[in-house]
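Single-structure report; data block below.
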Amino acid sequence: MVVEVLRLGHRGERDKRISTHVALTSRALGASKILFTWEDKHVKESTNKIVENWGGDFKFDVVESWKKYVKEFKKRGIVIHLTMYGESINERINVIKEHLKNGENILIIIGGEKVPNETYELADYNISIGNQPHSEVAALAIFLDRLFEGKTLYKDYPDGKIKIIPSKKGKKAILNEQNYPQLIKKL
């Protein structure tokens with residue numbers, strides 16, 4: 001079972017930070033891959049650097065045709081489109097979690113700007129995270145947290161170079177000094 005995130009749209013310089021946050025949120029909250037409909041060197045490098053330092057096997061990919069990718073994905077899983085105009089997450093999350101429990105693959109589509117009408121037709125579920133304007137990063141974070149029931153919030157990756165230790169005050173991090181002494185100087 002895999003959970004992938006497909007980001008539609010990107011407005012060049014304006015969206016670099018948001019697109020990077022979409023990728024980081026996807027990774028941190030349990031997705032295995034982020035797919036974009038364009039290639040942005042900055043976003044790709046930022047994502048890959050996080051994976052290198054913090055661990056895991058999260059993938060960054062670019063698709064030539066998002067419609068073709070979605071149609072192919074539907075042969076091996078379900079497609080969920082996060083939108084303000086969909087059904088309430090509160091009413092549909094348990095049905096979606098059943099797909100996950102059955103080992104089905106899940107593709108989550110989020111938009112960066114106006115989403116093509118075909119997205120609504122191709123999706124198995126159009127899910128709203130509230131009915132007020134907000135960020136696609138927030139929608140994705142809420143959806144993934146609900147899907148995985150909070151279990152991915154404190155996931156550790158054995159191959160990570162850095163590990164955060166929760167603490168009441170201050171910042172505590174463990175570095176793998178033996179294998180990555182160069183990171184000590186950066187932190």
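No value in this document is a laboratory result; all are computed from the given coordinates. Given the structure is predicted, the values throughout are model-derived calculations rather than measurements. When we count neighbours, we look across all protein chains shown, and the Cβ atoms used for this are built from the backbone with ideal geometry, even at glycine.
Of note:
- Quarter of Cα convex hull surface for the chain, i.e. mean projection, nm²: 12.0
- The sum of -39500 (n - 2.57) across all DSSP H runs of n ≥ 4, divided by the residue count of the chain, sets its helix-only mean residue ellipticity at 222 nm to -11000 deg cm²/dmol.
- The alpha-carbon of residue 97 sits under 25 angstrom from the alpha-carbons of these lysines, leaving out residues fewer than 8 places away in its chain: 33, 59, 67, 71, 74, 75, 151, 155.
- In this simple spin-label approximation, residue 45 and residue 135 carry label points 7 Å from Cα along the Cα→Cβ vector, and these lie 2.3 nm apart.
- Theoretical FRET efficiency, 1/(1+(r/R0)^6), r = Cβ-Cβ of residue 165 and residue 52, R0 25 Å, to 0.05: 0.75
- Contour excess over end-to-end distance, with Cα ends at residue 104 and residue 85 and 0.36 nm allotted per residue: 4.4 nm
- Full-extension gain in nm, residue 157 to residue 61, via 0.36 nm per residue minus C-alpha separation: 32.5 nm
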